[in-house]
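So the structure is just underneath, and the comments pick up after that.
The values are calculated or read from the model by the stated rules, or taken from the named source; none is laboratory data. Everything quoted here is computed from the prediction, not taken from an experiment. Counting neighbours? That spans all protein chains shown, and the Cβs are built from the backbone with ideal geometry, glycine included. Each accessible area value is taken on the protein alone, full model and side chains, heavy atoms only, with ligands, DNA and RNA left out. Shrake-Rupley method; radii C 1.70, N 1.55, O 1.52, S 1.80 Å.
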Amino acid sequence: MEQEILSLAAEKATDRLREFLQTLGEDDLAKLLRKEAVRGRAAGALLRALFRGSPCSEEAGAHRRLKIYICCIQLVESGDLQKEVASEIIGLLMLEAHAFPGPSLVALAKEFVGAIRKGSLANGKSLELLPIVLAALVTKKESLAYGKDELSGEECKTQLINALCSARWDQQYVIQLTAMFRDVPLTAEEAEVVTQKVLKMLSKLNLQEIPPLVYQLLILSSKGSRKRVLEGIIAFFNELDKQHKEEQSGDELLDLVTVPSGELRHVEGTTILHVVFAIQLDCELGRELLKHLKAGQQGDCAAVCPFGVALLLSATRIQRFREQVFDLLKALVFKSFKDLQLLQGSKFLQNLVPHRPCVSAMILDVVKNSVHSWDHVTQGLVELGFILMDSYGPKKIVDGRAVVASSGPSRTPNQQACQLGASILLETFKIHEVIRQEILEQVLSRVVARASSPISHFLELLSDIITHSPLVLQSCSSKVTESFDYLSFLPLPTVQGLLKAVQPLLKVSMSMRDSLILVLRKAMFARQLDARKSAVAGFLLLLQNFRVLGSLSSSQCSQPASLSQVHVDVHGRYSSAANEAFCLEIMDSLRRCLGQQADVRLLLYEGFYDVLRRNSQLASSVMQTLLSQLKQFYEPQADVLPPLRLEACVLTRGDEICLQEPLDHLLCCVQHCLAWYKSRVMPLQQEEEEEEGFYQELDDLLESVTNRMIKSELEDFELDKSADFSQSSGVGVRNNICASLVMGVCEVLMEYNFSTSNFSKNKFEDVLSLFTCYKRLSDILHEKAGKGKTKTASKTTDSFLSLKFVSDLLTALFRVLLWRYTSVPTCVEESGRKERGKSISLLCLEGVQRILSAVQQFFPPRVPLFLRALDVPDNEGEEADVGLTQRAAFQIRQFQRALLNLLSNQEEDFNSKEASLLVSILSGLSRLLEPASPQFVQMLSWTTKICKENSREDALFCKGLMTLLLSLHAACKSPVALLRDLSQDVHGHLGDIDEDVEVEKTDHFAMVNFRTAAPTVCLLILSQAEKVLEEVDWLITKLKGQVSQETSSEEASSQATLPHHPGEKAVVLQLGTLLTLFHELVQTALPSGSCVDALLRALCKMYTVLTALVRYYLQVCRSSSGIPKIMEKLVKLSGSHLTPLCYSFISYVQNKKSRSPKRAGGKKKATSAVAVAMAKVLRETKPIPNLIFAIEQYEKFLIFLSKRSKVNLMQHMKLSTSRDFKIRGNILDMLLREEDEEDKEDSGEDAAPEPREQSREPAKKRRKKE
């Protein structure tokens, strides 16, 4: 039978072939096709013959051809055919598909849909035919029956695609079906439907199947669904990461983790490669990625996640997007830290905004995940780390030193971003070996090349890198050695930082150490002073770190020289012994420095003490050097005064006079070294009697200097009041140098005698005598500096008192200070025990305040220990259970009682300075309280009560107390209601801008009175109001971002209405209360100056935020039916209670400035007064045009919102002619004539004010509440 069909086809006897085929049944044809296809010999030829005998022009032929297609599809899917035969059959079917009539195409497509729905496909090979069928269907213009409807070919295709996407896809066909859609002509809507279907299938596939599916999906995205594809991929992997993290965090479920971490990261890495490759081929896909992640900055979008960040970093390999991506990441990091800072300072925002993961944690997660062969991400991480450090590192240099970032919790966003960059580089360095050399090279190049810029952050990073793996870095030692060649040209702080950082490397690399020593020896004899100082600094660091055998261990030292360094001690006993010759050789080199300039000697003296503490076996050499140097300037005869030769310390070269020997630093070094040796080394020595005699000589010398310094008068130094201290003469310069040396020596001897006193009375008297000498000389210098008005003479120098001495002294005095202040009332003190108007009690309180603030500012982690040290608990066992809040509350109660006692006095007996100090202490302690604790609530209620019931006219005390009240309110709730009450009090005390209106006074807070209302309280109100406006503006921006994301998702799901966000009501309520606040202040007769300027700026900000809110509702109205009623009320309130009064206030300000000041004392004084007044007018009226522009912008967008929401919001807005800035000739002439008359005689100066165009409601209506 098959031979006859083939022969008829070969003879081209189409009619006879058609007649023969009509005699065959459908089953016969199917059996024939199956037999030939399985044999694989003539299947293609038979199929061509069948098609020739089944023309589509005849109904029977078309029907037969359809059955042939269905049979062939079943054969291909059966798996019984060879691959070549199956491919040949599908190819023939594809060629003949376009000849099908429309109904047959629909039937064939339905056959495919049914097979997919039933899951009857075996290998999916036949799916290659479906795109051809659908494409052919589109070309059919006639109406086709589809179900009960008559549709065009295009509409039938749409219905078939919808049916296909609504069917359940078997997991094994997902990739083939997605690939099939690449060849189907799709409209944008159809592409969206297909994309959503494929994205839903992502979660149902195995991990290894996801990358190929993503690849097909990315190809499919070129049909118009790029944004949806990227969103879906990023959201899917973000959710996968979250699930994986939750599984790993549950200890009891560790054995049930469904996805191995390594496998997940490899899949993510492959997917990222696919996406980046697709972006290289389709730039529009890259633009959509950037748009999507930019939108994610504003709202709570899932795009900003570790996978999204990794995708961006990988995209930096594409040159076209590199700069845009880094700008986006940099902005994202900075905004994240800035938002976090804003959230931490606002309880209002904390209650509204949910906690979001920090971007820094996401980026560090990417670094951690990149260990799984994410080489395409690594380079982007390195570049991002350096960009953050370069952009947000320290910029300012003060006195030659960079402003160091604080390590406490109060770091700025810039400092946090810089620290993040360092963490990225450090963690990347630890994980990726290939990138280590590049990171090290870039860090070293910045250290060497940016000598004039602050590089402390790069030095810290270098130190961390070397500390982590000094042995690994031996392979990169050449790069470090190259940097040593630049030491002579670098600033001293940079040299010290660099050499400290590389110390661990020097201990494991002898060649590197030798290279450094050669460089330092060469620099020691350089002509440049900075080079020699660098050499001294380098040698001192070597002495500290290469310890001689027998030196005390670090645990025996009071303070390690470098707490940040991890010392890699790879030297054994013999290495330590060999270090002795090396260190003694360095000491010989350093002794030569004692004949160089004062700066070099000073550096040496400052470093010897650290050397001694780390290398105690060098004590004899160091102390002998210091003793021989000190003897050059010491008078050995006991009856000679003064005991030191100051003239030998000053060098005169012609007209130039300079310091030759920093004797005070030398003596300070001797004192510290001696004290350390006696306390640490001598107790361990048993038989070295000669050593004890050696140090006894130093003790005797310092005792002799102390006794003779106490006996000496300033005249003995030729430094009495009659001496010349001017900087213009040689004698004055010399006397200033000598005075500085004497004061330094006094400080050193004070510390020496205190440390050796063992709390004896005689020694303390010696300390007081030395302090008296120091104070007399200091007073003379300040007096001379005041007369000469020279800044250099009055410049303060660093104190020689060590932190240990200050700590010991304060430890002894602090309890005395605290006890004396809390136990001895100020009123019973002796009147004669005062110094410059300060009582002993006030000095004690000032000491307490400074200590508390210093501990909180510089040692925040030690605050609990500090407060614990202040208490003497009754029960030692209960001491550990007392928390920070309880300890702070105990101290707060003491100072609250003290302030209440002070406030109980009459106004004339009120001590403003003491009260301000108490408020400062209470403010510092209140920051330690937990806002949710009862102690905080008590503090807030107590402060509120004090402000309500006590009236004081002192501005400083009022400012401190009101600032405390506002900060306490802001820590637990929004302070807008408090600000409104304060503004009413200010209005009541200062009066109205309309002199005919009598304002009803309110007494919310007695602390607000006529003297404190302006500028003190008014400026505090406006400052806090602007802060609240910033928070509201930030929240509105966030709401806008969320609405834009919700709108796009709602549009995709065909929903028209969006629900109102809960943050909207909070925003409107905040603005409504602030509006009533400004309603009070714009009616207040504020004095000219800072209050008016601040109010105009705050009003401008208020209208800017109102405009932002209106624009937000414009965005909401695109997908919503309207605006909420509460927003309508806010607009009405702004139109009736604020805008008209703003124009009245502007007229008030302008009219007030137009009145000339009274002129007295002649024409010159009058001209000067006019010039000052005019300058003040220009400064204070500058914000007026900005305010009017802000009002007009607000009303402009209100008009747009009215049209879109179909609500007439402008009915409450009354336009004012004050907007018209035309020049009125009659008024100008009148003012000019009055000015001419006043130049001739001192007459009245009443100028006709500009008539008000906008009247205000009576004062009795201004208290109306919402």
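Could you look at the stretch 303-393 and say what percent of its accessible area is carbon and sulfur, using a 1.4 Å probe and all protein chains?
The value for the stretch 303-393 is 51 percent carbon and sulfur by accessible area.
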Mind listing the long-range amide H neighbours of Leu144? Cut-off is under 5 Å, sequence gap 5 or more, other chains count too, H placed in the peptide plane at 1.01 Å from N. Leu151, Ser152
What percent does the relative contact order of the stretch 726-785 come to when contacts are Cα pairs within less than 8 Å and at least six residues apart? 36 percent
Scalar couplings 3J(HN,Hα) for the stretch 143-150 by Karplus 6.51 cos²θ - 1.76 cosθ + 1.60 (θ = phi - 60°), nearest whole Hz, x for Gly and Pro, are 6, 10, 7, 9, x, 9, 9, 10
Computed over the Cα atoms of the stretch 599-641, what is the ratio Rg over Rh, Rh following Kirkwood? 1.10
What is the distance in Å between the Cα centroid of the stretch 82-99 and that of the stretch 713-788? 107 Å
Listed peptides 370-378, 895-903 by packing density, highest first (mean Cβ within 10 Å): 370-378, 895-903
The stretch 307-390, accessible area per residue, ligands and nucleic acids excluded (1.4 Å, Å²): 40 Å²
Listed by chain and number, the residues whose amide H is under 5 Å from that of Tyr634, excluding neighbours fewer than 5 places away on the same chain and using placed H, are Arg645
Computed ³J(HN,Hα) along the stretch 488-499: with the Karplus parameters 6.51/-1.76/1.60, θ = phi - 60°, integer Hz and x for glycine or proline, the list is 5, 9, 9, x, 4, x, 5, 4, 5, x, 5, 5
Using all Cα-Cα distances in the stretch 1-150, what percent lands in each 10 angstrom bin from 0 up to the longest? 11, 41, 36, 12, 1
Burial ranking of peptide ranges 134-142, 747-755, 616-624 (average Cβ count within 10 Å, highest at the top): 747-755, 616-624, 134-142
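So which of Lys204/Lys1065; Lys157/Lys242; Lys242/Lys294 end up more than 32 Å apart, counting from Cα to Cα?
Violating the 32 Å Cα-Cα cut-off are Lys204/Lys1065; Lys157/Lys242.
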With respect to the cross-link table entries Lys1001/Lys1203; Lys533/Lys804; Lys1001/Lys1027; Lys711/Lys784, which display a Cα-Cα separation exceeding 31 Å? Lys1001/Lys1203
For the stretch 40-131, calculate the relative contact order in percent as a whole number, restricting contacts to Cα pairs under 8 Å that are 6 or more residues apart. 34 percent
Mind giving me the nanometre distance, one decimal, between the label points for Arg776 and Leu518, set 7 Å out from Cα along Cα→Cβ? 5.9 nm
Carbon + sulfur, % of accessible area of the stretch 469-543 - ligands and nucleic acids excluded, 1.4 Å: 56 percent
Give me the percent relative contact order of the stretch 137-195, please, defined on Cα pairs under 8 angstrom at least 6 residues apart. 27 percent
Overall Cα dimensions of the stretch 77-231, principal axis frame, Å, largest first: 43, 39, 25
